[in-house]
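K.L.:
Got a structure for you, questions after.
The values are calculated or read from the model by the stated rules, or taken from the named source; none is laboratory data. All figures in this text were calculated on a predicted structure; none of them were measured in a lab. Methodologically, a virtual Cβ is constructed for each residue, glycine included, from the backbone with ideal geometry; neighbour enumeration extends over all protein chains shown. For accessibility, only protein heavy atoms count, side chains too; no ligands or nucleic acids. Shrake-Rupley method; radii C 1.70, N 1.55, O 1.52, S 1.80 Å.
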Amino acid sequence: MQIQEPQLQGQDTGMQCEDDRTGIGVETLKRAFLDNLFYVQGKFPALATKHDYYMALAYTVRDRLLQRWVNTAAIYTQEGSRTVAYLSAEFLMGPHLGNNLINLGIYNQVQQAMTELKLDLKELLAKEEEPGLGNGGLGRLAACYLDSLASLEIPTLGYGIRYEFGIFDQLIRNGWQVEKTDKWLRYGNPWEIARPEWAVSVKFGGRTEAHKNAQGRYRVRWIPHKVVLGIPYDTPILGYKVNTANTLRLWKAEAPESFDFEAFNRGNYYGAVDQKVTSENLTKVLYPNDETYEGKQLRLEQQYFFVSCALQDMLRIMLRQKLPLEQFHEKFAVQLNDTHPAIAVAELMRLLLDEHEMDWEPAWEITQKTFGYTNHTLLPEALEKWSLKLFSSLLPRHLEIIYEINWRFLEQVRHKFGTDEGRIGRLSLIDENDGKFVRMAHLACVGSHKINGVAALHSELLQKTTLLDFYEFFPEKFTNITNGVTPRRWIVLSNPKLTNLITSCIGDNWIKHLEDVQRIETYAEDPGFQQEWQQIKRENKVNVAEILLDRTGVKVDPDSLFDIQVKRIHQYKRQHLNILHAITLYNQIKQNPNLDITPRTLIFAGKAAPGYYIAKLIIKLINSVAEVVNKDRDIGDRLKVVFLPDYNVKNSQPIYPAADLSEQISTAGKEASGTGNMKFAMNGALTIGTLDGANIEIRNAVGAENFFLFGLTTEDVGALRLTGYRPREYYEQNPQLKQAIDQIASGYFSHGDRSLFKPLVDLLLDKDPFMLMADYQPYIDCQQQVSQTYRDRDRWLQMSILNTARMGKFSSDRAIREYCQQIWKVQPVPVQLAAEKTGDGWFGTVTSD
Ligand SMILES: *Cc1c(COP(=O)(O)O)cnc(C)c1O
């Protein structure tokens, strides 16, 4: 067999001086790619699969990353830089390859290199399994923030969990969601490097013992029931067109070899293996709940495990850099992404007190100066609390420390407010209302120097409701930082055509400074520009139409209005309100078959938590309505309803650029911020939305005349609840609404089965906790406005262009600058690439340990 040699032979590339591991010329990239195919994948072209080619390309890109990563680490170590530690139980990174190509600035060279090798870059990009280590918005926010931190050259460590199975893959069978294990590591992960030399031990359970140390001081020893090893796996996070490559450090649990294994288990080999299995279960799977928590022991174990690993790792870094532990808060600014890592407050205290023999007062001062806490939700079902029984059995020493923190804190409360037992009960770290629980949000508030919400409304509501008592006690801790998303992934990578159009008009500075995209406003009414804008939107819609046909078999018209709601399925997000609109449109056409309506394609996607019965029933309802609507000949191309399975970062990237209309219709006061709303508007979709979360700020930015507003306000919702909300009255008084609900109840969409949707119908008519009935008619009227406006092509295009032009504020770069200034007090540390990669330059001479 003839092995295809690199097509370099005999060619003079003029690039021979480029290093194969770092060069970015097309010929160098081709040579490096083939080299990796041979020497890393062990394949030659005749035997290579698409996946082998993907891996060869991934390693080629990784080499270029490592050059920047090693330089970055060297400079951070040399300078002892102040560092952000972002603690998050979730990082929803999305595929790495495309993003790294954009940030390295070599997308075009690599595309050309692949074309010259007769390969299609798009096909190779599609081979990457995304690390789905998050549920939705919260995990994706962490990913956008890592991109911005690196792009702004801020020294950062992201700390989290290396789940072996991420968020499940979603299949749709007979209209129902079916969950499939996400085996994302099956074919290996070229983006991570294990660092077993930096493993740490984490203790669980057992008991504590008080004693006096050599100086006669009171000390506590923790004698654990079990010990688990944490192994760090590092992924480089490159900034956009800078040399900074920060680290995402995810921890995997393993059984320690020692811990009296042999003596304990002599002759009991299977018992020993069992213990290994038990230890490794810790990081086996991501809990698939979004915006609710499950009081499961394993979840608390996961939280404590990664937090302890992270803090021990930070202490190791301080020791290596010969920094005294008294400077911990000067070296590290630690951010708690929601309460999932809030146990860090007690763990840092434990490490300083018990393992480093510090006294309480200095340890507590360091702890409070170290942490910042980001609150993500007001929903009561999402506020984490752990029963004392579980907590004391797993973390006995931490419970003692929490009692001491609480005792001292409540003393201060008494000092400020006197003995107001109601207030003290509400502020206590221990909930004694109905069983006894540790309140993690309270621990986070007391242990942090700053507390922020994630949109203006959310921060305001936090201060007025959920955290009112804390706001009254230390108002100076509270602030707002409205969320943002990275334009690198959500515009440049997802929407290359729009990127080129914008750049051809105003240059490419907007990619780093999204405020600059405002400069396209001057073209908003330019017919040539509008024409190109429309053409790009149409091509993006054709692309999604092909995806829908391929994945669902439904053919949709790219000239219809693409009306899209993609996000986790949740009652508060109200996908079922959207489906009531679909049914209403359907009935209008059925009643008047010649009705001249604006043709629409309603696209849904999103996962439901496996244990969230009503959310799963909503998916079934969407698919049931789709089945009836899509095959009805009276309807034709005027209305289509499609549910795209398996919503994740990879599948979402083509969706946002193809939307005409973005559905952001949560009950006012329930969506903390939302970030999907931002991705849509940046890509020129108009929003139909309520005054909720960041919708309010998006509307202020793009102009009320460029936003479709409807529905109850937060105040309306509260007032209506107080005066007695009677959802059934809306149903009885509104014939269109009544018809839609009656059809669902009568089995019209379920082959005559009246029982199928009964739980949903009963819930809406009797309780309607998210007030769909009250918002139905305003929503339908607003959708009618949307349809009218869409018919005025020039007006719609102008609105679309102005949406993109005015979204500058919603870049995660702006959000991260605010965190840096208001909370973290960190400065950029620019990285220069050293000329030499060996010798005494920046690595120092070769030594061991
Ligand atoms: C942006 C994003 C979300 C968050 O969407 P919301 O509309 O803000 O709820 C969830 N999942 C994925 C995959 C995302 O990319």
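K.L.:
Among what's in region 548-571 and is within 15 Å of the ligand (Cβ to nearest atom) and among the β-branched types (V, I, T), pick the residue that is farthest from the chain's Cα centre (by Cα). Break it down into steps so the answer makes sense when it comes.
P.N.:
To start, the set of residues in region 548-571 that are within 15 Å of the ligand (Cβ to nearest atom) comprises 563-571.
Filter again for among the β-branched types (V, I, T), leaving 564, 566, 569.
Details: I564: 20, V566: 14, I569: 15 Å.
The extreme case among them is I564.
K.L.:
Contact list please: Cβ distance under 8 Å, first residue in region 665-679 and among the β-branched types (V, I, T), second residue assigned to a loop (DSSP other than H, G, I, E, B) and within 9 Å of the ligand (Cβ to nearest atom), pairs at least six apart or on different chains.
P.N.:
From residues that are among the β-branched types (V, I, T), the pairs are I665/K573; T675/N483; T675/A694.
K.L.:
Just to verify a result, which residue in region 68-95, among those that are under 30 Å from F168 (Cβ atoms) and of a type in the set (S, T, Y), is farthest from the chain's Cα centre (by Cα)?
P.N.:
Taking region 68-95 and keeping what is under 30 Å from F168 (Cβ atoms), we get 85-95.
Narrowing the set further to residues that are of a type in the set (S, T, Y) leaves 86, 88.
Details: Y86: 13, S88: 10 Å.
By that ranking, first place goes to Y86.
K.L.:
In this structure, does I688 turn out to be within 16 Å of the ligand (Cβ to nearest atom), touching a strand residue (DSSP E or B) at 6+ places or on another chain (Cβ under 8 Å) and in a helix (DSSP H, G or I)? Steps first, answer last, please.
P.N.:
Details: within 16 Å of the ligand (Cβ to nearest atom): yes; touching a strand residue (DSSP E or B) at 6+ places or on another chain (Cβ under 8 Å): yes; in a helix (DSSP H, G or I): no.
Spelling it out, it is not the case that I688 is within 16 Å of the ligand (Cβ to nearest atom), touching a strand residue (DSSP E or B) at 6+ places or on another chain (Cβ under 8 Å) and in a helix (DSSP H, G or I).
K.L.:
Moving on. Could you go through region 760-772 and let me know if any residue there is under 29 Å from the mean Cα position of the chain (by Cα) and open to solvent by 20 Å² or more (accessible area, probe 1.4 Å).
P.N.:
Yes, because at least one residue in region 760-772 is under 29 Å from the mean Cα position of the chain (by Cα) and open to solvent by 20 Å² or more (accessible area, probe 1.4 Å).
K.L.:
Something else about it: Can you report the number of residues in region 770-829 which are among the acidic types (D, E), in contact with a Ser or Thr (Cβ under 6 Å, 6 or more places away or on another chain) and part of a loop (DSSP other than H, G, I, E, B)? Steps first, answer last, please.
P.N.:
If we filter region 770-829 for residues that are among the acidic types (D, E), which is where we start, we get 775, 781, 792, 794, 813, 818.
Now drop any that are not in contact with a Ser or Thr (Cβ under 6 Å, 6 or more places away or on another chain), which leaves 813.
Subset that is part of a loop (DSSP other than H, G, I, E, B): none.
Residues that pass the stated criteria total 0.
K.L.:
Give just the number: which of (1) over 31 Å from the mean Cα position of the chain (by Cα); (2) open to solvent by 60 Å² or more (accessible area, probe 1.4 Å); (3) not charged (D, E, K, R) does Q822 not satisfy?
P.N.:
(1)
K.L.:
Right, another one. Tell me yes or no: at least one residue of region 516-526 is open to solvent by 70 Å² or more (accessible area, probe 1.4 Å), in contact with a Ser or Thr (Cβ under 9 Å, 6 or more places away or on another chain) and not aliphatic (A, V, I, L, M). Explain how you work it out, then say what you get.
P.N.:
Taking region 516-526 as the starting set, the residues that turn out to be open to solvent by 70 Å² or more (accessible area, probe 1.4 Å) are 518-519, 522, 525.
Add one more test, that the residue is in contact with a Ser or Thr (Cβ under 9 Å, 6 or more places away or on another chain), and what stays is none.
No.
K.L.:
Here's something else I'd like to know. With respect to Y779, is the statement that it is open to solvent by 60 Å² or more (accessible area, probe 1.4 Å) and touching a residue at least 60 places away in the same chain (Cβ under 8 Å) true? If you could, list the steps in order and put the result at the bottom.
P.N.:
Working: open to solvent by 60 Å² or more (accessible area, probe 1.4 Å): no; touching a residue at least 60 places away in the same chain (Cβ under 8 Å): yes.
No, not satisfied.
K.L.:
Could I ask something else about it? Which of the residues spanning region 631-644 are within 16 Å of the ligand (Cβ to nearest atom) and in contact with a Leu (Cβ under 8 Å, 6 or more places away or on another chain)? Quick ask: steps written out before the conclusion?
P.N.:
First, pick out the residues of region 631-644 that are within 16 Å of the ligand (Cβ to nearest atom): 643-644.
If the condition is that a residue be within 16 Å of the ligand (Cβ to nearest atom) and in contact with a Leu (Cβ under 8 Å, 6 or more places away or on another chain), then L644 is the only one that fits.
K.L.:
Moving on to the next point. Of the numbered conditions (1) open to solvent by 10 Å² or more (accessible area, probe 1.4 Å); (2) in contact with a helix residue (DSSP H, G or I) (Cβ under 7 Å, 6 or more places away or on another chain), N623 satisfies every one except a single condition; which is it?
P.N.:
The number of the failed condition is (2).
K.L.:
While we're here: List, please: which pairs have Cβ atoms under 6 Å, are six or more places apart or on different chains, and start with a residue in region 760-775 that is within 17 Å of G718 (Cβ to Cβ) and end with one that is crowded, with 20+ Cβ neighbours inside 10 Å and among the small types (G, A, S)?
P.N.:
That search, which allows pairs on different chains as well, returns D775/G711.
K.L.:
When you check R806 against the structure, is it assigned by TED's automatic domain parsing to the domain that holds E705 and either within 27 Å of the chain's Cα centre (by Cα) or crowded, with 21+ Cβ neighbours inside 10 Å (or both), yes or no? Before the answer, list the steps.
P.N.:
Working: assigned by TED's automatic domain parsing to the domain that holds E705: yes; either within 27 Å of the chain's Cα centre (by Cα) or crowded, with 21+ Cβ neighbours inside 10 Å (or both): yes.
Against the criterion (assigned by TED's automatic domain parsing to the domain that holds E705 and either within 27 Å of the chain's Cα centre (by Cα) or crowded, with 21+ Cβ neighbours inside 10 Å (or both)), R806 qualifies.
K.L.:
Please state which one of N480, N509, N433, N500 is more than 16 Å from the ligand (Cβ to nearest atom), of a type in the set (S, T, N, Q) and touching a strand residue (DSSP E or B) at 6+ places or on another chain (Cβ under 6 Å).
P.N.:
Numbers: N509 fails: touching a strand residue (DSSP E or B) at 6+ places or on another chain (Cβ under 6 Å); N433 fails: touching a strand residue (DSSP E or B) at 6+ places or on another chain (Cβ under 6 Å); N500 fails: touching a strand residue (DSSP E or B) at 6+ places or on another chain (Cβ under 6 Å).
Among N480, N509, N433, N500, only N480 is more than 16 Å from the ligand (Cβ to nearest atom), of a type in the set (S, T, N, Q) and touching a strand residue (DSSP E or B) at 6+ places or on another chain (Cβ under 6 Å).
K.L.:
When residues of region 721-749 are filtered for being among the hydroxyl-bearing types (S, T, Y), under 27 Å from K631 (Cα atoms), free of Cβ contacts under 8 Å to residues at least 60 places away in the same chain and open to solvent by 60 Å² or more (accessible area, probe 1.4 Å), how many remain? Lay out the reasoning, then the answer.
P.N.:
Filtering region 721-749 down to residues among the hydroxyl-bearing types (S, T, Y) leaves 723, 725, 730-731, 746, 748.
From the residues that got through so far, the ones that are under 27 Å from K631 (Cα atoms) too are 746, 748.
So of that shortlist, the ones also free of Cβ contacts under 8 Å to residues at least 60 places away in the same chain come out as 746.
With the extra rule that they be open to solvent by 60 Å² or more (accessible area, probe 1.4 Å), the set shrinks to none.
The number of residues fulfilling the criteria is 0.
K.L.:
Does A582 meet the test of being in contact with an Asp or Glu (Cβ under 7 Å, 6 or more places away or on another chain) and within 29 Å of A672 (Cβ to Cβ)?
P.N.:
No: the conditions fail for A582.
K.L.:
Something else now. Within region 581-605, track down each residue that is in contact with a strand residue (DSSP E or B) (Cβ under 9 Å, 6 or more places away or on another chain), open to solvent by 10 Å² or more (accessible area, probe 1.4 Å) and of a type in the set (A, V, I, L, M, F, W, C).
P.N.:
Hits for region 581-605 are L585, I597.
K.L.:
Further question: Taking Y647, is it modelled with pLDDT of 95 or more, closer than 21 Å to Y790 by Cα, within 15 Å of the ligand (Cβ to nearest atom) and among the hydroxyl-bearing types (S, T, Y)?
P.N.:
Numbers: modelled with pLDDT of 95 or more: yes; closer than 21 Å to Y790 by Cα: no; within 15 Å of the ligand (Cβ to nearest atom): yes; among the hydroxyl-bearing types (S, T, Y): yes.
No: the conditions fail for Y647.
K.L.:
Quick one: which strands (runs of 3 or more DSSP E) lie wholly within region 419-485 and hold at least 1 residues that are within 25 Å of H329 (Cβ to Cβ), basic (K, R) and in contact with a Lys or Arg (Cβ under 7 Å, 6 or more places away or on another chain)?
P.N.:
Details: elements: 437-439, 448-453, 478-480.
Output list reads 437-439, 448-453.
K.L.:
Output the number of residues of region 91-143 satisfying the condition of being more than 11 Å from the ligand (Cβ to nearest atom) and part of a helix (DSSP H, G or I).
P.N.:
As a first pass, look at region 91-143 and keep what is more than 11 Å from the ligand (Cβ to nearest atom): 91, 95-129, 131, 133, 142.
Filter again for part of a helix (DSSP H, G or I), leaving 97-104, 107-116, 121-126, 142.
Counting residues in region 91-143 that are more than 11 Å from the ligand (Cβ to nearest atom) and part of a helix (DSSP H, G or I) gives 25.
K.L.:
Another question, then. Touching a helix residue (DSSP H, G or I) at 6+ places or on another chain (Cβ under 8 Å) and of a type in the set (V, I, T) - does that describe any residue in region 273-282? If you could, list the steps in order and put the result at the bottom.
P.N.:
Just the residues of region 273-282 that are touching a helix residue (DSSP H, G or I) at 6+ places or on another chain (Cβ under 8 Å), to begin with: 275, 281-282.
From what is left, the residues that are of a type in the set (V, I, T) are none.
No: region 273-282 contains no residue that is touching a helix residue (DSSP H, G or I) at 6+ places or on another chain (Cβ under 8 Å) and of a type in the set (V, I, T).
K.L.:
Now a separate question. Just to be sure I understand, how many residues within region 701-720 are open to solvent by less than 50 Å² (accessible area, probe 1.4 Å), in a helix (DSSP H, G or I) and closer than 30 Å to E521 by Cα?
P.N.:
3
K.L.:
Quick one: is A658 open to solvent by less than 10 Å² (accessible area, probe 1.4 Å) and over 30 Å from R519 (Cα atoms)? Spell out the reasoning first.
P.N.:
Numbers: open to solvent by less than 10 Å² (accessible area, probe 1.4 Å): yes; over 30 Å from R519 (Cα atoms): no.
No.
K.L.:
So if I check each of A333, A382, which one is within 27 Å of the chain's Cα centre (by Cα), of a type in the set (A, V, I, L, M) and open to solvent by 10 Å² or more (accessible area, probe 1.4 Å)?
P.N.:
Details: A333 fails: open to solvent by 10 Å² or more (accessible area, probe 1.4 Å).
Residue meeting the stated conditions: A382.
K.L.:
Now a separate question. Would you call L87 open to solvent by less than 50 Å² (accessible area, probe 1.4 Å), touching a Phe, Trp or Tyr at 6+ places or on another chain (Cβ under 9 Å) and either of a type in the set (G, A, S) or not assigned by TED's automatic domain parsing to the domain that holds H329 (or both)?
P.N.:
no
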